[in-house]
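One structure is given below, encoded as C-alpha cells.
The values are calculated or read from the model by the stated rules, or taken from the named source; none is laboratory data. Predicted model, so just to flag it, every value in this text is computed and none were measured. Because the Cβ atoms are built from the backbone with ideal geometry, glycine has one as well, and the counts that use them run over all protein chains shown.
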Amino acid sequence: MREELRDPGRLEHILASIDRIYNFVEGHIAEDLKGDSQLFYAVVKNLEIIGEAAYMLSPAFKENHPDTPWKRIIGLRHILVHDYYQVDADELWNIITRDLQPLQSQVKEYRNEFKGARQTPQ
C-alpha cells in the first residue's frame, strides 16, 4: 500500500520528463540529435527518468494498466544506463516521434484516475 501512495508522483515525473524532451527537441530534426551531444544527453537523461519512474510504480498499478509497455520502458532505461555506448540517435528519435505521445496520453489518463478517486466523496 505504501508504494501505491507514490504512484501519482511517479506518473507526474513521467509526464514532466516527456514535456522536457518535447521542449528540448522542438525545432530540431533527427540529425540534430546526432550532432548535438548536449541535446542527445538531455533526451537520454529524461528517458532514463521515465524508465526509473516506471520501474518504481507499484506492481499493482502496472498490473492494472497492462496497455502500457512497462517492461519495454524499463528495459530502455537499463539499456541507456548500462549499455550507454550503444545508444543509437536514430532509435532515440524514433522513440520521441513514435512512442512518447501515446505514453503521454496513457499516463495523463492514469493521473486523472487518481484525481477522480480523490474527489469521490467517502
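Can you confirm whether segment 48-57 contains a residue that is in contact (Cβ under 8 Å) with a residue 60 or more places away in the chain and either hydrophobic (A, V, I, L, M, F, W, C) or under 26 Å from residue 9 (Cα atoms) (or both)? Steps first, please.
Taking segment 48-57 first, the residues in contact (Cβ under 8 Å) with a residue 60 or more places away in the chain are none.
Checked segment 48-57: no residue is in contact (Cβ under 8 Å) with a residue 60 or more places away in the chain and either hydrophobic (A, V, I, L, M, F, W, C) or under 26 Å from residue 9 (Cα atoms) (or both).
Looking only at residues in segment 80-98 that are of a type in the set (Phe, Trp, Tyr) and either exposed (fewer than 15 other Cβ atoms within 10 Å of the Cβ) or at positive phi (or both), which one is nearest to the chain's Cα centre (by Cα)? Show your work before the answer.
Within segment 80-98, the first condition is being of a type in the set (Phe, Trp, Tyr), and the residues that meet it are 84-85, 93.
In the following step, the residues that additionally are either exposed (fewer than 15 other Cβ atoms within 10 Å of the Cβ) or at positive phi (or both) were identified as 84-85.
On the way: 84: 17, 85: 21 Å.
Across segment 80-98, the extreme among qualifying residues is 84.
For segment 70-117, taking the residues that are of a type in the set (Phe, Trp, Tyr) and at pLDDT below 95, the one that is farthest from residue 57 (Cα to Cα) is identified as 85.
Can we say residue 66 is out of contact with any Phe, Trp or Tyr (no Cβ under 8 Å at 6 or more places or on another chain) and either free of Cβ contacts under 8 Å to residues at least 60 places away in the same chain or not aromatic (Phe, Trp, Tyr) (or both)? The answer is yes for residue 66. Taking segment 46-79 as the search range and keeping residues that are among the basic types (Lys, Arg) and surrounded by 15 or more Cβ atoms within 10 Å (Cβ to Cβ), which one is nearest to residue 112 (Cα to Cα)? For segment 46-79, the residue satisfying everything is 62. Inside segment 13-29, can you point out the residues that are loosely packed, with under 15 Cβ neighbours inside 10 Å and among the aliphatic types (A, V, I, L, M)? Passing the criteria: 16, 29.
The test for being modelled with pLDDT under 95, surrounded by 14 or more Cβ atoms within 10 Å (Cβ to Cβ) and either outside any helix (DSSP H, G or I) or not aliphatic (A, V, I, L, M) (or both) does not hold for residue 10. Restricted to segment 30-79, the set of helices (runs of 4 or more DSSP H) holding at least 1 residues that are under 15 Å from the mean Cα position of the chain (by Cα) and over 13 Å from residue 92 (Cα atoms) comprises 37-56, 59-64.
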